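*Asks:* Below is a structure I'd like to ask you about.
Please treat every number below as a calculation from the coordinates, not as lab data. Not measured: the values here are computed from a predicted model. Cβ: placed from backbone, ideal geometry, glycine included. Neighbour counts: every protein chain shown.
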Amino acid sequence: MKQDSKKKTLEAIKRLEGLTGKLHQLVDEDAYCTKILEIALAMQGHLKHIQGMVLESHLHTCGPKNLSSPKAKEEFITDILKVIGLSQRS
């Protein structure tokens, strides 16, 4: 993983961990439902941000290595399409 991407990803994970704690607290305290939903949606946004950073780093770092042969290229493309498919599930 690219170092700048790694740093940003770890920062986003820390924010996500903070939101997880806040979500747990709000649910435990029977907080107002829309407040719980706000935190859950913020978490979802952080996850999407993390996914985008990791995918971009993967394309920059692992992509060139995996385009060296036709077989490696096909496997790389299959892996990317699999991940994109998983990201589009609801």
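*Asks:* Out of contact with any strand residue (DSSP E or B) (no Cβ under 8 Å at 6 or more places or on another chain), surrounded by fewer than 12 Cβ atoms within 10 Å (Cβ to Cβ) and either charged (D, E, K, R) or under 17 Å from Lys6 (Cα atoms) (or both): is that true of Asp30 in this structure?
*Replies:* When the stated conditions are applied, Asp30 passes them.
*Asks:* Next question. State all residues of the range 43-89 that are small (Gly, Ala, Ser) and either under 25 Å from Gln3 (Cα atoms) or touching a Gly at 6+ places or on another chain (Cβ under 6 Å) (or both); if no residue qualifies, say none.
*Replies:* Gly45, Gly52, Ser57, Gly63, Ser68, Ala72, Ser87
*Asks:* Using beta carbons and a limit of 8 Å, which pairs, at least six apart or on different chains, have the first residue in the range 1-21 and of a type in the set (D, E, K, R) and the second one not in a helix (DSSP H, G or I)?
*Replies:* none
*Asks:* Pairs only if they're at least six apart or on different chains, beta carbon under 7 angstrom, first in the range 75-90 and over 16 Å from Lys48 (Cα atoms), second aliphatic (A, V, I, L, M) and in a helix (DSSP H, G or I); list them, first residue then second.
*Replies:* Partner pairs satisfying both residue conditions: Phe76/Leu67.
*Asks:* A further question on this structure: Consider Gly63 against the criteria (1) in contact with a helix residue (DSSP H, G or I) (Cβ under 6 Å, 6 or more places away or on another chain); (2) assigned to a loop (DSSP other than H, G, I, E, B): it satisfies all of them except one. Which criterion is unmet?
*Replies:* (1)
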